[in-house]
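The values are calculated or read from the model by the stated rules, or taken from the named source; none is laboratory data. All values derive from a computational prediction rather than experimental measurement. Please note: Cβ atoms are built from the backbone with ideal geometry, for glycine as well, and neighbour counts cover all protein chains shown. The accessibility values were calculated without ligands, DNA or RNA, using every heavy atom of the protein model including side chains. Shrake-Rupley method; radii C 1.70, N 1.55, O 1.52, S 1.80 Å.
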Amino acid sequence: MAYDRKPPRVVGLAGALIVSVNGVIGSGIFALPALLFASAGAFSPFAILIFACLYGSVLAVIAKLSTVFRQSGGPQLYAEHAFGQMIGFQIGWFSLAANMAGAAANFHVLVSYLAAIFPFFEDPSVRLATIAMLVGFFTALSISGTARSIGAIAVGTFLKLAPIILLTVIGFIQSGVPTDVTLPRFSEFESIALLLAFAFSGADVAVAAAGEAKEPRKMLMRALFINLAGVAIFYALIQMAYSAVAPDPNAIDSPLAAMGDKLLGPSGSLMISLAAIFSVATYQLNVFVVIPRIAYGMARRGLLPHVFAYVSPRFQTPAAAIGAYGAIIAVLALSGSFTLLAVLVVSVEQLINIAVIGALFVMWKRNDAGLREAMDLRWAIIVAVAIGYIAWLLSLLSLESALHMMGMLAIGLGLYALSRRAGVRQDGIDLPEGRASRPMRALSPG
């Protein structure tokens, strides 16, 4: 019976916004200000807003497709519907792999922040034990209930944002608003493009759990754009306050802590360090809640072994998918670095974005869910900007990144062949009119 059960729809607009905010704001914000200021100076707040508009063109495509589907999966689901199961599996594999690598690396970031305040965590054996306990805790909390997990994320969101907002306000009060703005050269703006792309990555994460949203076709588009606007303004204000305060430029790894120290002394630095701990921890819990839903949706549609479709009768969550996600992250937790992670996430995200835009083209041509009638000339401009934005970012990636992506593609093909043998297709892909992408297969292996 647990395989026939589906998680309940308990996520409303507030929950989707909380998930979306924490899909973006993690550890990056604590390193971003110094790196941006070094490249773009006082223009950096405006660079953030410009980049948010460019990123918004891609997010608009994802948001438009979110009005068609009610199931979990996000871009993986869109690609599967438009291009078939093999392409859908590859997009799911890319999404899961990038997120698992990111989560594993971020556990090291989290323990490093803990060690900066409590030297006890610097011991290698203590570090490993702490990571293992944190992975176990986040896995158990995610399994214990979606509403409970989102409530915990909401508390963590307040604890991580409040100190940063307070520091920004104090910065403006003490130092004013910077007025001397010089336009950077294009090459300088281009040098921070991948950094800003990484800073905004994850803004669409809420669509991955659409199967547990109350009214996903009506609510998710609104949540995505409110989140993007809010995060962009939040980032820009922090950057503007950092430019005005002008803390120690040598503190590249901890610019907000340096800003806190300059404004409030050691207590300010401690406040930001604690905020960083809550920020990374909340981000980690967020991915543990959302990303396994991609694997769960794939299992329901026969793309992964059927065991991943198991839903706990007690907690009404996809317990097997969450448990497997936590186990893999525990194995990966000793690999990766922030720099490599940023390149991997941006590289993979652009391939996923290409698949999403391709899915929109295919669905528009077929007029799935009446998309052709629902899209006017404005969408031609939006899609053109999105394609140009993606092409620009891809042109900035290194050959090494391309080789890594080709390796992931080859691994994905092998995993697809293995997974299909253990898959059981329970669900088709339902459109608003009730049409499925293709006839449902009976419950049998294969």
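Anything in segment 57-81 that is under 18 Å from Met363 (Cβ atoms), crowded, with 24+ Cβ neighbours inside 10 Å and of a type in the set (Gly, Ala, Ser)? List them, or say none.
Ser66, Gly73, Gly74, Ala79
So, of the residues in segment 412-434 that are open to solvent by 50 Å² or more (accessible area, probe 1.4 Å) and more than 17 Å from Ser72 (Cα to Cα), which turns out to be modelled with the lowest pLDDT?
Glu433
Using the structure shown, decide if Ala402 is at pLDDT below 80, surrounded by 12 or more Cβ atoms within 10 Å (Cβ to Cβ) and under 18 Å from Thr67 (Cα atoms).
Criteria not met by Ala402.
Could you tell me which residue of segment 82-101 is least open to solvent (accessible area, probe 1.4 Å), considering only residues that are more than 29 Å from Ala333 (Cα to Cα) and among the hydrophobic types (A, V, I, L, M, F, W, C)? I'd like the intermediate steps shown before the answer.
Within segment 82-101, the subset more than 29 Å from Ala333 (Cα to Cα) is 82-85.
Add one more test, that the residue is among the hydrophobic types (A, V, I, L, M, F, W, C), and what stays is 82-83.
Values: Ala82: 15, Phe83: 88 Å².
Of everything passing the filter in segment 82-101, Ala82 is least open to solvent (accessible area, probe 1.4 Å).
Please tell me if Tyr296 is aromatic (Phe, Trp, Tyr), touching a Leu at 6+ places or on another chain (Cβ under 9 Å) and either farther than 30 Å from Gly73 by Cβ or free of Cβ contacts under 8 Å to residues at least 24 places away in the same chain (or both).
Values: aromatic (Phe, Trp, Tyr): yes; touching a Leu at 6+ places or on another chain (Cβ under 9 Å): yes; either farther than 30 Å from Gly73 by Cβ or free of Cβ contacts under 8 Å to residues at least 24 places away in the same chain (or both): no.
No: the conditions fail for Tyr296.
For the list (1) modelled with pLDDT under 95; (2) assigned to a helix (DSSP H, G or I); (3) charged (D, E, K, R), I need the number of the one condition that Arg314 fails.
Here Arg314 meets the rest and fails (2).
Could you list, in sequence order, the residues of segment 359-377 that are small (Gly, Ala, Ser) and open to solvent by less than 20 Å² (accessible area, probe 1.4 Å)? Before you say what the answer is, go through the steps one by one.
Here is the first cut: in segment 359-377, the ones small (Gly, Ala, Ser) are 359, 369-370, 374.
Ala359 - this is the single residue of segment 359-377 that is small (Gly, Ala, Ser) and open to solvent by less than 20 Å² (accessible area, probe 1.4 Å).
If we scan segment 301-315, do we find a residue that is closer than 20 Å to Gly102 by Cβ and surrounded by fewer than 24 Cβ atoms within 10 Å (Cβ to Cβ)?
no
For Leu224, indicate whether it is closer than 18 Å to Gly26 by Cα, in contact with a helix residue (DSSP H, G or I) (Cβ under 7 Å, 6 or more places away or on another chain) and open to solvent by 10 Å² or more (accessible area, probe 1.4 Å).
Working: closer than 18 Å to Gly26 by Cα: yes; in contact with a helix residue (DSSP H, G or I) (Cβ under 7 Å, 6 or more places away or on another chain): yes; open to solvent by 10 Å² or more (accessible area, probe 1.4 Å): no.
In short, no.
Do you know which residues across segment 77-113 are in contact (Cβ under 8 Å) with a residue 24 or more places away in the chain and under 30 Å from Leu270 (Cβ atoms)? Spell out how you get there, then give the answer.
So the first thing to find is which residues in segment 77-113 are in contact (Cβ under 8 Å) with a residue 24 or more places away in the chain, and the list is 77-83, 85-110, 113.
Within segment 77-113, Gly102, Ala103, Ala104, Ala105, Asn106, Phe107, His108, Val109, Leu110, Tyr113 qualify.
Restricting attention to segment 281-311, report how many residues are part of a helix (DSSP H, G or I), over 20 Å from the mean Cα position of the chain (by Cα) and of a type outside the set (Lys, Arg). Spell out how you get there, then give the answer.
Initially, segment 281-311 is screened for residues part of a helix (DSSP H, G or I), giving 281-290, 292-300, 306-309.
Among the residues that remain, those that are also over 20 Å from the mean Cα position of the chain (by Cα) are: 299-300, 306-309.
Pick out the ones that are also of a type outside the set (Lys, Arg) and you get 299, 306-309.
Total meeting the criteria: 5.
Could you say whether any residue in segment 351-372 is in a helix (DSSP H, G or I), more than 25 Å from Ile62 (Cα to Cα), at pLDDT 80 or above and hydrophobic (A, V, I, L, M, F, W, C)?
The answer is no; no qualifying residue exists.
Between a first residue in segment 227-243 that is touching a residue at least 60 places away in the same chain (Cβ under 8 Å) and of a type outside the set (S, T, N, Q) and a second residue that is outside any helix (DSSP H, G or I) and open to solvent by less than 10 Å² (accessible area, probe 1.4 Å), which pairs have beta carbons less than 8 Å apart while being 6 or more apart in sequence or on different chains?
Every condition considered, the pairs that remain are Leu228/Ala203; Val231/Ile25; Val231/Ala203; Phe234/Ile25.
List the helices (runs of 4 or more DSSP H) that sit entirely inside segment 1-98 and contain at least 1 residues that are within 29 Å of Phe234 (Cα to Cα), within 15 Å of the chain's Cα centre (by Cα) and hydrophobic (A, V, I, L, M, F, W, C). Give the steps one after another, and end with the answer.
On the way: elements: 13-24, 32-40, 44-66, 75-83.
Those helices (runs of 4 or more DSSP H) span 13-24, 44-66.
Taking segment 249-268 as the region of interest, how many residues are open to solvent by less than 50 Å² (accessible area, probe 1.4 Å), touching a residue at least 12 places away in the same chain (Cβ under 8 Å) and not in a helix (DSSP H, G or I)?
1
Ala38 is checked against (1) closer than 26 Å to Ala162 by Cβ; (2) open to solvent by 20 Å² or more (accessible area, probe 1.4 Å) and fails just one. What number does that condition carry?
Of the numbered conditions (1) closer than 26 Å to Ala162 by Cβ; (2) open to solvent by 20 Å² or more (accessible area, probe 1.4 Å), the odd one out for Ala38 is (1).
If you go through segment 234-248 one residue at a time, do you hit one that is out of contact with any strand residue (DSSP E or B) (no Cβ under 9 Å at 6 or more places or on another chain), open to solvent by 20 Å² or more (accessible area, probe 1.4 Å) and under 16 Å from Ser112 (Cβ atoms)?
Taking segment 234-248 as the starting set, the residues that turn out to be out of contact with any strand residue (DSSP E or B) (no Cβ under 9 Å at 6 or more places or on another chain) are 234-248.
Restricting the remaining residues to those that are open to solvent by 20 Å² or more (accessible area, probe 1.4 Å) gives 234, 237, 240, 244, 246, 248.
After this cut, where a residue has to be under 16 Å from Ser112 (Cβ atoms) as well, the list is none.
Within segment 234-248, none of the residues are out of contact with any strand residue (DSSP E or B) (no Cβ under 9 Å at 6 or more places or on another chain), open to solvent by 20 Å² or more (accessible area, probe 1.4 Å) and under 16 Å from Ser112 (Cβ atoms).
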